[in-house]
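Participant: Once you've had a glance at the structure underneath, I'll fire off some questions.
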Amino acid sequence: MKMNRSNIIIIAISVLVYSVILATVGVFGQTVQNGLFYFFKNILPIIGIVVGYGLTIFVPIRVFQAMERNKQIKADIENDKKLQDHALKSKELENNILNVLNKEDTLYD
């Protein structure tokens, strides 16, 4: 079985969660359990607050960037469509002119 990146990430997260559960129960000792409870109680909320503020700043910026990019892509698509329509019309006009000239040539022969 070939291990791709997503499988490795899933396995790593599973091992990490299982290790945290074992440490919380006290399998790794009372000291590790106390340290983990201290981390959960005092440090993890601070990390959550910082991540939350970061997301409240980061997500709207990314949304606005994506909206601008989508507007630009739509404008490019419309411009390409207009150019294709113009090229098609000019080719049709060319064909009409050639047809008229061919008809005139056949009339004089």
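The values are calculated or read from the model by the stated rules, or taken from the named source; none is laboratory data. The model shown is predicted, which means the values in this text are computed figures rather than measured ones. Note: ideal-geometry Cβ built from the backbone for every residue, glycine included; neighbour counts use all protein chains shown. These area figures cover heavy atoms from the full protein model, side chains too; ligands, DNA and RNA do not enter into them. Shrake-Rupley method; radii C 1.70, N 1.55, O 1.52, S 1.80 Å.
Participant: Could you point to the residue in 86, 65, 44 farthest towards the positive end of the chain's charge dipole, with +1 and -1 charges on the Cβ of Lys/Arg and Asp/Glu respectively?
Facilitator: Comparing the listed Cα positions along the dipole, 44 ranks first.
Participant: Using the Cα centre as the reference, give the magnitude of the dipole from point charges on the C-beta atoms of the chain (Lys, Arg: +1; Asp, Glu: -1; all else neutral), rounded to the nearest 20 debye.
Facilitator: Roughly 980 debye, rounded to the nearest 20.
Participant: Specify the residue with the greatest mean-square fluctuation among 11, 43, 73, computed from a Gaussian network of the chain linking alpha-carbon atoms under 10 Å apart.
Facilitator: Maximum among the listed residues: 11.
Participant: Another question about this same structure. Leaving ligands, DNA and RNA out of it, report the carbon-plus-sulfur percent of the accessible area of the chain at a 1.4 Å probe.
Facilitator: 67
Participant: With angles folded into 0 to 90 degrees, how steeply does helix 5-25 sit against the dominant principal axis of the chain? Use alpha carbons for both and round to 10.
Facilitator: Approximately 20 degrees, to the nearest ten.
Participant: While we're on this one: Residue 91: which lysines have alpha carbons under 29 Å from its alpha carbon, excluding same-chain residues fewer than 8 sequence positions away?
Facilitator: Partners within reach: 74, 81, 82, 103.
Participant: While we're on this one: Once you have the alpha carbon radius of gyration of the stretch 1-69, what is it after dividing by 2.2 N^0.38 Å, with N set to its residue count?
Facilitator: 1.64
Participant: Per residue of the stretch 79-92, in order, report the coupling 6.51 cos²θ - 1.76 cosθ + 1.60 (Karplus, θ = phi - 60°) as ³J(HN,Hα) in whole Hz, putting x for Gly and Pro.
Facilitator: Values per residue, Gly and Pro as x: 5, 4, 5, 4, 5, 5, 4, 5, 5, 5, 5, 5, 5, 5 Hz.
Participant: Per residue, how large is the accessible surface of the chain? Use a 1.4 angstrom probe and give square angstrom.
Facilitator: Each residue of the chain exposes 91 Å² on average to a 1.4 Å probe.
Participant: How much solvent-accessible surface does residue 64 expose, in Å² to the nearest 10, with a 1.4 Å probe and all protein chains in place?
Facilitator: Per-residue accessible area (residue 64): approximately 130 Å².
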